[in-house]
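What follows is a short report on a single structure.
What follows is calculated from the coordinates using simple rules that are stated; it is not laboratory data. Quick caveat: nothing in here was measured; it's all calculated off a predicted structure. When we count neighbours, we look across all protein chains shown, and the Cβ atoms used for this are built from the backbone with ideal geometry, even at glycine.
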Amino acid sequence: MGSGELMVFRQIGNVRYLTLNMFDSLGVINAIITRTGGFSSAPYASLNVGSTVGDNPEVVERNKDQAFTALNVSPSSIYDVWQVHGADVVCTDRPRPDKEPHKKADAILTDQPGVYLFMRFADCVPILLFDPIRRVIGLAHAGWKGTVLRTAAYAVIRMREVYGSIPADIMAVIGPSIGQHHYEVGAVVESEVRRAFGAESSKVLRSFNGKNESGFQFDLWRANQLVLEQVGVQQIEITGLCTACHLSDWYSHRAEGGNTGRFGALIALRDE
Ligand SMILES: [Zn+2]
């Protein structure tokens with residue numbers, strides 16, 4: 001995807017975030033916000049943006065305010081969804097009004113500058129998409145279910161259908177999420193992966209002597225890369241940041257026993 005460093009950590013006030021340099025240089029504001037610098041206490045410490053994980057909702061709002069203020073994002077410019085581990089894609093040309101219920105979806109697309117797509121993560125894969133020709137952005141969420149359902153591919157297909165994107169033009173980045181070495185899966189997930197990936201399963205499943213009888217680890221990064229390649233995306237970067245390895249930066253549902261917060265990811269076309 002070009003020369004230079006893929007990404008850099010930045011800090012504004014107490015808010016520390018990861019940003020993709022190539023997207024930024026092409027006019028795409030993007031931030032994957034670390035868990036540091038917020039107000040929540042353990043097990044949600046500290047910048048938890050997940051409102052359905054058991055944390056105090058008022059504190060979650062304070063965390064979001066702090067992050068959005070640091071990043072100079074108005075809450076009224078956000079579009080977010082109710083993430084349900086499905087494959088539905090929402091296209092929007094405006095932010096979500098406060099009173100409008102969240103749509104159930106796991107991918108959001110827009111071609112409108114200043115509309116901030118926002119999602120929440122803790123091990124599941126953030127997939128950031130950008131077509132610099134048609135000026136369309138996307139954000140997708142894929143855990144094992146969203147990966148075998150090919151959510152990222154549906155996002156690309158909608159970019160093609162709705163905005164005229166050519167998949168070869170699209171740049172995709174696989175953000176911080178659980179790495180294969182930390183992602184042992186049981187027999188149910190293993191068989192779903194084999195069904196979805198067929199002959200390519202050996203590229204995404206690695207045998208492992210673990211506590212589950214299946215004894216496999218699933219590579220969500222490579223799997224989403226394959227999903228994207230199958231629909232013609234060629235420019236794919238993997239950040240390679242494992243949430244379970246870096247608990248000081250990211251929440252990890254797996255590494256923290258399912259009792260943790262969610263970090264936020266934001267992407268928007270810069271107003272020119
Ligand atoms: Zn790891």
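At-a-glance table
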item	result
Amide H contacts under 5 Å for K104, placed H, 5+ residues apart	W82
Under-22-angstrom lysine pairs by C-alpha in the chain, whenever the two are 8 or more apart or on separate chains	8
Charged-residue dipole, Cβ positions (Lys, Arg, Asp, Glu), the range 198-272 about Cα centre, Debye nearest 20	300 debye
For the chain, share of DSSP beta bridges that run antiparallel, in % to the nearest 5	75 percent
Gyration tensor verdict on the range 135-199 (Cα atoms; rounded if a/c is under 1.5, prolate if a/b is larger than b/c, oblate otherwise)	prolate
Mean ellipticity per residue at 222 nm, deg cm²/dmol - from DSSP H runs of n ≥ 4 across the chain, formula -39500 (n - 2.57)	-6500 deg cm²/dmol
Share of pairwise Cα separations in the range 170-272, more than 17 Å, in percent	60 percent
Sites A168 and T69 - FRET efficiency at Förster radius 45 Å, r taken between beta-carbons, to 0.05	0.75
Whether the chain is rounded, prolate or oblate, judged on the alpha carbon gyration tensor where a/c under 1.5 counts as rounded	oblate
Positive dipole terminus of the chain, leading residue within V15, G175, G257 (C-beta point charges)	G257
Cα centre as origin, Lys/Arg/Asp/Glu Cβ charges: the range 1-63 dipole, Debye	120 debye
Rg ratio (alpha-carbon, reference 2.2 N^0.38 Å) - the range 51-195	1.10
Whole-angstrom gap from the range 186-208 to the range 130-165, using each part's C-alpha centre	23 Å
Cysteines without a disulfide-compatible partner [the chain; Cβ-Cβ under 4.7 Å]	C91, C124
Length added when fully stretched, E5-D98, from 0.36 nm per residue minus Cα-Cα	29.8 nm
Formal net charge of residues neighbouring S41 (Cβ-Cβ distance under 15 Å; K, R +1; D, E -1)	-1
Assigned charges on the beta-carbon of Lys, Arg, Asp, Glu; the chain dipole about Cα centre (debye)	220 debye
Alpha-carbon centroid distance for the pair the range 216-272 / the range 51-99, whole angstrom	18 Å
Fully extended contour minus Cα-Cα distance, from Q234 to T52, at 0.36 nm per residue	62.0 nm
Net charge over other residues, Cβ less than 14 angstrom from the Cβ of D111 (K, R count +1; D, E count -1)	0
FRET E, pair R270, S202, Förster distance 41 Å, beta-carbon r, rounded to 0.05	0.50
